[in-house]
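What follows draws every value from the coordinates through simple rules; no lab data is involved. Because the structure is predicted, anything quoted here is derived from the model rather than measured. Cβ coordinates were reconstructed from backbone atoms using ideal geometry, including for glycine residues, and neighbour counts include every protein chain displayed.
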Amino acid sequence: MDDLMIEVSDISKAFGPTKALDGVTLGAERGTVLGLLGHNGAGKTTLVNILSTLALPTSGRARVAGLDVTREAEEVRRRIGLTGQYAAVDETLSGRGNLVLIARLLGASRSRAAARADELLEIFDLTGAAERKAKTYSGGMRRRLDLAAGLVGHPGVIFLDEPTTGLDPAARRALWEIVKGLVKDGTTVLLTTQYLDEADYLADSITVLAAGRVIASGTADELKNRIGRRTVSVTVRGEQDRPRAAEALRGAGFSPAHEGDGLVLTMPVTDSTDLARVVRATDDAEVDLAGLAFAEPSLDDVYMALNHSTGHQAGIPR
């Protein structure tokens, strides 16, 4: 428990008769990424606001870096960094100017502020644009500068609220690698994201919220194994082969299904070893296959299944 940098115990938050959070419990260990997924209104932003001391819980307890977010809010703020969906830097200042200003506001001397700014500019590959005004930066550069600003005070915990929204794929990947580097150095990250591949790549553990409650949690692989579905798809060469292939597969214990008049039959399987059973069944029935594919469940599959089970409209998590 001493390594828990984020600890949430039975947190609830009500806005009048509406419960934005309802008994949420989760945790993140030092040097890990906790991914937070959920639909619009699931309670993600409310939880981030509580953990970053911007809002008070109605009940329950939360600790960040070992400090109570309600009773020790000022000390919590000294130990965290927060990056929202949109860059919050001063556009009229240069990249270096933004970082020096923040360092000075945090109490650093002029020389220490300048040194920290230069260090972060190098880490985030912004040294060449250090003297340019932030308003001339590209979207990816501004997001990197925004993240650098959140790191000026050497925070042990960083809250990233959809940090790559609006970035192109190359800029997203660049930011992912920066986050990976921070975590490797011991920083703890709570990440909310609308990109499931981002959570899959970055998060050591994932918590899914719906209507203010935790509906699933675990590693990406655990969620896929628990909720997702592995499938095998066979493609027959002609429509006349499909009924024969389906009968052979049902005889081997599978439940093949097809859509419309297509030549593809898809069936759920336990693991990749079922491929051999599929091949044997179709071969024994003398069905000539044009294709064979095994598919692992994805985080998208998990999210869609959870949406369906909780009655929420499937779509991009927010």
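A few remarks follow.
- Candidates GLY60, GLY181, GLY251: whichever shows maximal mean-square fluctuation once the chain is modelled as a Gaussian network with Cα springs under 10 Å: GLY251
- Residues LYS224, LYS135, sorted so that the one with the fewest Cβ neighbours within 10 Å comes first: LYS135, LYS224
- At R0 = 22 Å, FRET efficiency that the Cβ-Cβ distance of MET304 and SER233 yields, to 0.05: 0.75
- Extended-chain gain in nm, criterion 0.36 nm per residue less alpha-carbon gap, ARG280 and ARG132: 46.7 nm
- Equivalent-ellipsoid semi-axes of the chain, from the Cα gyration tensor, Å, largest first: 47, 24, 16
- Among GLU286, GLU296, a tally of other beta-carbon atoms within 10 Å of each Cβ gives an order, fewest to most, of GLU286, GLU296.
- Across the chain, Cα pairs under 8 Å and at least six residues apart give a relative contact order of 20 percent.
- For LEU292, the amide hydrogen comes within under 5 Å of the amide hydrogens of THR235, counting only partners 5 or more places away or on other chains and with H modelled in the peptide plane.
- Average 1/r across all pairs of distinct alpha carbons in region 162-318, invert it, and you get the Kirkwood radius: 18.2 Å.
- For THR18 and ARG226, the difference between the fully extended length at 0.36 nm per residue and the C-alpha to C-alpha distance is 71.8 nm.
- Phi-derived couplings, Karplus 6.51 cos²θ - 1.76 cosθ + 1.60 at θ = phi - 60°, listed residue by residue for region 184-196: 4, 7, x, 6, 9, 10, 9, 10, 9, 8, 9, 10, 5 Hz, with x used for Gly and Pro.
- Most mobile of ASP284, ASP125, ASP90 in a GNM of the chain (Cα contacts under 10 Å): ASP284
- Qualifying trypsin sites (Lys or Arg not before Pro) in region 10-109, where qualification requires a DSSP coil assignment and no more than 16 other C-beta atoms within 10 Å, comprise ARG30, ARG71.
- Computed Rg/Rh of region 230-295, alpha carbon atoms with Kirkwood Rh: 0.91
- Above-threshold pairs, the threshold being 27 Å between Cα atoms, out of LYS44/LYS224; LYS13/LYS224; LYS13/LYS184: LYS13/LYS224; LYS13/LYS184
- Placed amide H near ARG229: partners under 5 Å, 5+ positions off or other chain: SER298
- For a straight C-alpha distance cut-off of 16 angstrom, the aspartates and glutamates reachable from LYS133 (same-chain residues fewer than eight places away being disregarded) are ASP90, GLU91, ASP118, ASP125, ASP146.
- Region 85-162: C-alpha gyration tensor shape, a/c 1.5 cut-off, then a/b vs b/c: oblate
- Shape of region 27-137, Cα gyration tensor, a/c cut at 1.5: prolate
- FRET efficiency estimate (nearest 0.05) - Cβ-Cβ, ARG250 to ALA114, R0 51 angstrom: 0.10
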